[in-house]
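Each remark here refers to the structure printed beneath this line.
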Amino acid sequence: MAETWTPDPEEIAERALTEADDVSWAFREATRLTSELDTALARHLHMKQTDYDAMGYLMSAPAPLGPNELARRLGITPASATELVDRLESAGHVRRERSAVDRRRVELHADADSVGMIIRELQPLFAALDAISADLTAEQRATVIAYLRAVSRATRDYVANEISPRHTTT
């Protein structure tokens, strides 16, 4: 049986500004809550929000990032990124290494223990999400996975093609 849903005040205010499908509003709520989750985890782990965000980028990047790449992703200056990396390195969360390909390049690597600490904090949430998905049929799971992958692609494209070009400074 479908759960009865009542939008929260934030969603009601946002819905007054634009029209979108209920599925899109549900996704918007999930993204808002993800932001709240990241804030709560940073506080719980005694990390500055930007430090926690930096760890997220370093953990999810397909290849090691350099300090300037990290600065661009975080929207901070290279000088601020240097201070942030110094802080993370002092805390044992990251290490700097020279690139094997280009010795002039410095790569940032998230410490495995720090990554493990963050993932362990997320484990209860993963367990709750797994319990929810366990109630789905194989067909429902396939639909949810396909939808979420498509949403990820659309979001990635929106950030790259819509938001980033409008906010690039010269």
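Counted over all Cα-Cα pairs of segment 64-118, pairs farther apart than 13 Å make up 60 percent. Relative to a virtual label point 7 Å from the Cα of ALA79 in the Cα→beta-carbon direction, which members of segment 86-113 show backbone nitrogen distances below 18 Å? The answer is 86-87, whose backbone nitrogens lie closer than 18 Å to the label point.
Taken over the alpha carbons of segment 1-43 as equal point scatterers, the Debye sum produces base-10 log I(q)/I(0) values at 0.21, 0.27 Å⁻¹ of -0.76, -1.00. Taking only the C-alpha atoms of segment 19-123, Rg followed by Dmax gives 15.6, 51 Å. The separation of segment 1-67 from segment 94-170, counted between C-alpha centres, amounts to 12 Å. What's the angle, to the nearest 10 degrees (0 to 90), between helix 49-60's Cα axis and the longest principal axis of the chain? Between helix and principal axis, roughly 90 degrees. Each peptide among 71-84, 141-154 gets the average number of other Cβ atoms lying within 10 Å of its residues, and from highest to lowest they stand as 71-84, 141-154.
Counting 0.36 nm for each residue step from LEU37 to ALA63 and taking away their Cα separation leaves a gain of 6.8 nm. Distances between placed amide hydrogens fall under 5 Å for GLU107 paired with GLU97, ARG98, SER99, all partners being 5 or more residues away or on another chain.
For the chain, the longest principal axis of the alpha carbon atoms and the long axis of helix 138-158 meet at an angle near 50°.
A simple rule links phi to the HN-Hα coupling: the Karplus curve 6.51 cos²θ - 1.76 cosθ + 1.60 with θ = phi - 60°, which for segment 18-34 gives 7, 9, 7, 5, 4, 5, 5, 5, 5, 5, 4, 4, 4, 5, 4, 5, 5 Hz, with x for Gly and Pro.
Of all the options ALA127, ALA110, ALA160, the one that moves most in a Gaussian network model of the chain with Cα springs shorter than 10 angstrom is ALA160.
Shape verdict for segment 24-69, please, from the Cα gyration tensor: rounded (a/c under 1.5), prolate (a/b greater than b/c) or oblate. Oblate, since a/c reaches 1.5 and b/c is not below a/b.
Pop the C-beta distance of ILE12 and ASP130 into the FRET formula with R0 = 22 Å and round what comes out to the nearest 0.05. After rounding to 0.05, the efficiency reads 0.10. Compared with the dominant principal axis of the Cα atoms in the chain, helix 112-134 is inclined by about 10°.
Read the figures in this text as sums done on the coordinates, not as results from a lab. Note that the structure is predicted; figures quoted are calculated from it, not measured. Neighbour counts are summed over all protein chains in view; Cβ atoms, including those assigned to glycine, are modelled from backbone coordinates with ideal geometry.
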